[in-house]
1. Ratio of alpha-carbon Rg to the 2.2 N^0.38 Å globular estimate for the stretch 321-390, to two decimals, please.
2. Peptides 328-341, 244-257, 205-218: what's the order by average Cβ count within 10 Å, highest mean first?
3. Can you give the extra length, in nm with one decimal, that the chain gains between Arg103 and Lys151 once fully stretched, where that is 0.36 nm per residue apart less the Cα-Cα distance?
4. Can you give me the distance in nm between label points at Glu386 and Glu319, each placed 7 Å from the Cα along the Cα-to-Cβ direction?
5. Working out 0.36 nm times the residue gap between Ala279 and Arg125, then minus their Cα-Cα distance, what length gain in nm do you get to one decimal?
6. Can you pick out the pairs among Lys151/Lys398; Lys114/Lys397; Lys274/Lys397; Lys146/Lys397; Lys146/Lys193 whose Cα atoms lie more than 29 Å from each other?
7. Note down the nm distance, to one decimal, between modelled labels 7 Å out along Cα→Cβ at Lys398 and at Asp372.
8. Compute and list, largest first, the equivalent-ellipsoid semi-axes of the stretch 188-241 from the alpha carbon gyration tensor, each √(5λ) rounded to a whole angstrom.
Amino acid sequence: MFAENHSLLSLMVRGIYVGIPVAAVLIIMVGRVVFTPNVVNIHQVPEKVPEQNCGPCVVRRHLAPEQTQEQTNSVWANEPRATEPNCTNDLKLLCAWSTDRLRTSVVTSMVFRKATGTAASSHERADFDRGELNKMYESADPRLLKVGIVKLNFPTDGNIHVIPMGGEPYFHRSLRDADMVLDGFLRGDHAPKPGQKWLDFGGSHGRVAQVMAAAYPETSWSVCDPIADTVKWAAAHLPAVSFTVMDQMPPMSGYRDSTFSGIYAISIWSHYSKVPALAWFEEMHRILEPGGLLWFSTHGFQAVNYATLEAAVLHPRREEMVKELYHSGHYYYPMFGAAGDWNSPDGEGGALWGFGAFTPEWLTKYVLNAPDHPWRMEYYGPGANENHQDVFVLSKKK
């Protein structure tokens, strides 16, 4: 009996010794299946847009709640991505299409309610409300004028800057962009309040600012932009918004320290080279009040995936961009040359304003942890701007 029990005990012990490594192997294998993201070679074009979220090799989706000085010495902030596992074989990209859709459509709802006197649709049907408001805008409906929305009739000579709309109606796009901006601020627990001053940095003729002013009329709204003709024209047509011509490089002498509670910049850092990018982050820190938020969108790895499908970036530049983002975290190409963009010559022969991109690691190392003007990351949404540009929301540390 003892021998039988001893044999049984020996089998059980052996089973444990054998079972533990087997279980570990199974866990690792399952983990690889569950947690290892699919990758797509940059030379391949997926047949359809992938829906899964991006993984750690391309973007790190969430940051620690607090950005500390110790993070400067961390692998996250300093190591180039090419040193990470599975990131060096032919510079593979992940299918990094964002699942960060808009959670709110507050601006559209507020403008709709004020203009029509009726309740807005649910967030899921916000596009319907935008469509109705766009019809009112195109017909110069006086109800929109009462809430501060002016129908803009642009000169036919094409000298006034208007971004490409991609076929989307002008006012529909303006409403959606305003919702996108406010959605990011709300993720940072920040919204316009009466008496505050907010800035649309690089806001052209103020298409988004006038929508924000209609939704929050008790907040002061400003726009700055370097295209002088556009700024002058907009100032004469949008009385609810204040306009200022800015230089290509800071400082902005017209704004004092701690002037603004919130600043947003749609696709502005997507054009800067390293020097102006860092200089303007420092200037934003100066003109924001302590605790104020900066919302901005820019190119990153997600833009490469987008370009692979949309052919927005030519293949040689796309591959060059991938390599630079992997190894240094920042990429710049002088796409406009010395002539500059929109009749605004680049004072440095094309070295300031072109096609720019950077990773959140680069931002962490050179911006968030800057000793003289530190920031805190409130939100990071890879591809949250049209599945194309990454969205960041930073707060000025108090």
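1. Numbers: Rg = 14.5 Å, N = 70, 2.2 N^0.38 = 11.1 Å.
Ratio of Cα Rg to 2.2 N^0.38 Å: 1.31.
2. Numbers: 328-341: 17.5, 244-257: 14.8, 205-218: 23.6.
With the highest mean Cβ count within 10 Å placed first, the list reads 205-218, 328-341, 244-257.
3. On the way: separation 48, 0.36 × 48 = 17.28 nm, distance 2.83 nm.
Length gained between Arg103 and Lys151: 14.5 nm.
4. Taking the simple label geometry, Glu386 and Glu319 are separated by 2.7 nm.
5. On the way: separation 154, 0.36 × 154 = 55.44 nm, distance 4.06 nm.
So the extension gain works out to 51.4 nm.
6. Numbers: Lys151/Lys398 40 Å; Lys114/Lys397 35 Å; Lys274/Lys397 22 Å; Lys146/Lys397 39 Å; Lys146/Lys193 21 Å.
From Lys151/Lys398; Lys114/Lys397; Lys274/Lys397; Lys146/Lys397; Lys146/Lys193, over 29 Å: Lys151/Lys398; Lys114/Lys397; Lys146/Lys397.
7. 2.5
8. Details: eigenvalues 86, 27, 13 Å².
For the stretch 188-241, the semi-axes come out at 21, 12, 8 Å.
Readers should treat all values here as calculations from the given coordinates under stated rules, not as data from a laboratory. What you see is a predicted model, and the numbers here were worked out from it, not measured in a lab. Backbone-built Cβ (ideal geometry, glycine too); neighbour counts: all protein chains shown.
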